[in-house]
Amino acid sequence: MAVVKGTYIRRGAVGNPRAKDAIRYMQHRPERAGERVTRPLFGPDGRWERVHGYQMIDDAPPGTHFYRMSINPDPATEDQRHDLDLREVTARTILRLEEMVDTPILYVAAEHEAHADNRRHVYLLASVPRRLNTPELKQRTAAATAACLAQ
């Protein structure tokens, strides 16, 4: 089963800078050897720049929750050959979230590989119009697992 971890940040004077910090982190987290890298970001319609993620945050309506998530396919059962299309897994997981909240969800994400032992994953920040409840969070994990197994 894919592991989907996440926390949320409420939109606002304190939350927006924290959400922007999350984007910088996903783009520049150091590799295993400690060297700084710049990873390409992507969103629902392809490659994004950091400014697109910041605009997503700044333009979010009141009540928005920014969910910081990592989608971690199981290397033993879902990503044995390290060939999963992690962008597709992300898109399918977000599509399921959109169905749950009945509205389009913007997100910004980056793939991470070299700092985790044999566990490729995606960090993402999703702009959700409300707080997700526990059953919805479980469905999010199930959607990520299903997306991995579908490939």
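The values are calculated or read from the model by the stated rules, or taken from the named source; none is laboratory data. Keep in mind the model is a prediction, meaning the values are calculated, not measured. All Cβ positions, glycine included, derive from the backbone under ideal geometry; neighbour counts span all protein chains shown. What goes into the accessible areas is simple: the full protein's heavy atoms, side chains included, and nothing from ligands, DNA or RNA. Shrake-Rupley method; radii C 1.70, N 1.55, O 1.52, S 1.80 Å.
Worth pointing out:
- Among the residues of region 19-75, those identified as aromatic (Phe, Trp, Tyr) and under 21 Å from VAL4 (Cα atoms) are TYR25, PHE42, PHE66, TYR67.
- Residues that are open to solvent by 40 Å² or more (accessible area, probe 1.4 Å) and assigned to a helix (DSSP H, G or I), drawn from region 92-105: ARG92, LEU95, ARG96, GLU98, GLU99
- Restricting ALA143, ALA91 to residues that are in contact (Cβ under 8 Å) with a residue 12 or more places away in the chain, touching a helix residue (DSSP H, G or I) at 6+ places or on another chain (Cβ under 7 Å) and on the phi < 0 side of the Ramachandran plot narrows the list to ALA143.
- Considering region 2-37, the residues that are polar (S, T, N, Q) and closer than 30 Å to ALA150 by Cα include one that is surrounded by the most Cβ atoms within 10 Å (Cβ to Cβ), namely GLN27.
- Matching residues, region 27-74, being basic (Lys, Arg), under 21 Å from THR103 (Cβ atoms) and either touching a Pro at 6+ places or on another chain (Cβ under 9 Å) or assigned to a loop (DSSP other than H, G, I, E, B) (or both): none
- Unmet requirement for ASP74, which otherwise passes all of (1) surrounded by fewer than 17 Cβ atoms within 10 Å (Cβ to Cβ); (2) farther than 14 Å from THR145 by Cα: (2)
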